[in-house]
Amino acid sequence: MAVSRAKVILAEYLSPTIRWFRLQTLEPLPSRFYAGQWLDLHIPMTDRVVVTGYSMCSSPQQFLKSGQLDLAVKRSDDSAASWMHDECAVGVELSYRFGGKVFLDEGLVMKEPDSSYLLIAGGVGINPIYSILLSLIATDTNVNISMLYSAKSKDELVFSKDIVELNHQARNMSVKYFVTQCQGGISTESTAIHARRIGKDDLSMVVEKLSKDKLCVFICGPDSMIRDTSSELQALGIPETNIHYELWW
């Protein structure tokens, strides 16, 4: 797939450690992406260009309509992430290329409107999961959507307010939030946040309400979380072919 160019048109912090960017493509749309995919972003360091992968946290429908896509980058010791936090600014031009083999098939959603989707996100793994959620809602079908969203702290649940609004708009959607580094439960005006990891009981409660054969699962988060969650879902009777994720390493 060809390399394209885009300009940063917005940048702001969603939390103390996560910075959000909106990019505007600088050319006629040469390609499209599918919800759940990532892009290779070419970072212009002082002495070299570093290519690193980030998942989109916006919908393909937004990109096709406006040529805009969103990224949310977590600060880390990685040189590319540090550059995105400390040096990347509005007006900077970047090269990118779409990639990724795990994504939502919008055509299949339209063909099977009675299907169910379980979306599971851990930390910054919310990015592709949020893109999938936006795309599912944009299909305007009656699919059932269940979402389990976990982060270290309440501040790291960066899209929770938007998800609450989407939950009000969607026809058949449920969401549960979790934080892993907090003592006691947390209550907000709109929802309860559970102070623990996503557990087998949480998965079981979702699976019991849905048809296992028509349940499509997407998981993104730390590798250990992905592997453990996939194993627990299979133990609950979900076919391995219905569980979708991509391990970075």
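The values are calculated or read from the model by the stated rules, or taken from the named source; none is laboratory data. Note that the coordinates shown come from a computational prediction; the quantities given were computed from them, not determined experimentally. We place every Cβ from the backbone using ideal geometry, glycine too, and count neighbours over all the protein chains shown. These area figures cover heavy atoms from the full protein model, side chains too; ligands, DNA and RNA do not enter into them. Shrake-Rupley method; radii C 1.70, N 1.55, O 1.52, S 1.80 Å.
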Take Asp213 and decide whether it is modelled with pLDDT of 95 or more and either surrounded by 20 or more Cβ atoms within 10 Å (Cβ to Cβ) or not polar (S, T, N, Q) (or both).
-> no
Taking first residues from segment 228-249 that are touching a residue at least 40 places away in the same chain (Cβ under 8 Å) and second residues anywhere that are of a type in the set (Val, Ile, Thr) and assigned to a helix (DSSP H, G or I), the pairs with Cβ under 7 Å that are 6 or more apart or on different chains are Tyr245/Ile226
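How many residues does segment 34-54 hold that are assigned to a loop (DSSP other than H, G, I, E, B) and either small (Gly, Ala, Ser) or surrounded by 14 or more Cβ atoms within 10 Å (Cβ to Cβ) (or both)? Walk me through how you get there before you give the answer.
Going through segment 34-54, the residues assigned to a loop (DSSP other than H, G, I, E, B) turn out to be 34-37, 45-48.
Still in the running and either small (Gly, Ala, Ser) or surrounded by 14 or more Cβ atoms within 10 Å (Cβ to Cβ) (or both): 34-37.
Selection size over segment 34-54: 4.
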Taking segment 4-28 and keeping residues open to solvent by 70 Å² or more (accessible area, probe 1.4 Å), in a loop (DSSP other than H, G, I, E, B) and in contact (Cβ under 8 Å) with a residue 40 or more places away in the chain leaves Pro16, Leu26
Do the conditions hold for Ser31, that is, is it touching a residue at least 60 places away in the same chain (Cβ under 8 Å), open to solvent by less than 50 Å² (accessible area, probe 1.4 Å), over 15 Å from the mean Cα position of the chain (by Cα) and under 26 Å from Tyr117 (Cβ atoms)?
-> yes
Could you please find all residues in segment 137-163 being at pLDDT 90 or above and among the β-branched types (Val, Ile, Thr)?
-> Ile137, Ile145, Val158, Ile163
